[in-house]
Amino acid sequence: MTVDARTIHEERTTAALLGLGPASPGLLEQARGGTLLLSDIEDLPAGAQRLLSGILESDPSRRGAMVGQCRCKLESSPRRGRA
């Protein structure tokens with residue numbers, strides 16, 4: 001699953017990544033068992049970057065993200081055209 005990080009608004013970061021409950025799953029839950037690719041990661045709002053950093057740091061292997069029972073591989077890519 002690929003998501004453009006520019007579409008995640010800072011005021012909705014938690015809901016976007018973690019969801020609002022069973023009826024409204026977040027991106028991590030939707031990617032369960034697969035891969036969540038965040039493109040243009042440098043454009044992710046600062047609050048979203050902090051939340052994502054906390055999620056990644058909670059997983060010692062740094063190969064995935066664990067939030068409740070959700071397990072997915074999380075990858076990112078920089079904006080095209082940047083080295």
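So how many residues does the stretch 7-46 have that are assigned to a helix (DSSP H, G or I), within 12 Å of the chain's Cα centre (by Cα) and in contact (Cβ under 8 Å) with a residue 12 or more places away in the chain?
Summing the residues that are assigned to a helix (DSSP H, G or I), within 12 Å of the chain's Cα centre (by Cα) and in contact (Cβ under 8 Å) with a residue 12 or more places away in the chain in the stretch 7-46 gives 10.
Can you name every residue in the stretch 65-77 that is among the hydrophobic types (A, V, I, L, M, F, W, C) and at pLDDT 75 or above?
Taking the stretch 65-77 and keeping what is among the hydrophobic types (A, V, I, L, M, F, W, C), we get 65-67, 70, 72, 74.
Hits for the stretch 65-77 are 72, 74.
One residue is enough: does the stretch 52-64 have a residue meeting the conditions in a strand (DSSP E or B), modelled with pLDDT of 70 or more and among the acidic types (Asp, Glu)? Break it down stepwise before answering.
The initial filter retains those residues of the stretch 52-64 that are in a strand (DSSP E or B), namely none.
Taking every residue of the stretch 52-64 in turn, none turns out to be in a strand (DSSP E or B), modelled with pLDDT of 70 or more and among the acidic types (Asp, Glu).
Looking at (1) modelled with pLDDT under 80; (2) under 10 Å from the mean Cα position of the chain (by Cα), can you tell me which one residue 80 breaks?
Condition not satisfied by residue 80: (2).
The values are calculated or read from the model by the stated rules, or taken from the named source; none is laboratory data. Fair warning: this is a prediction, and the values are worked out from it, not measured in the lab. Positions of Cβ are backbone-derived with ideal geometry, glycine not excepted, and every protein chain shown enters the neighbour counts.
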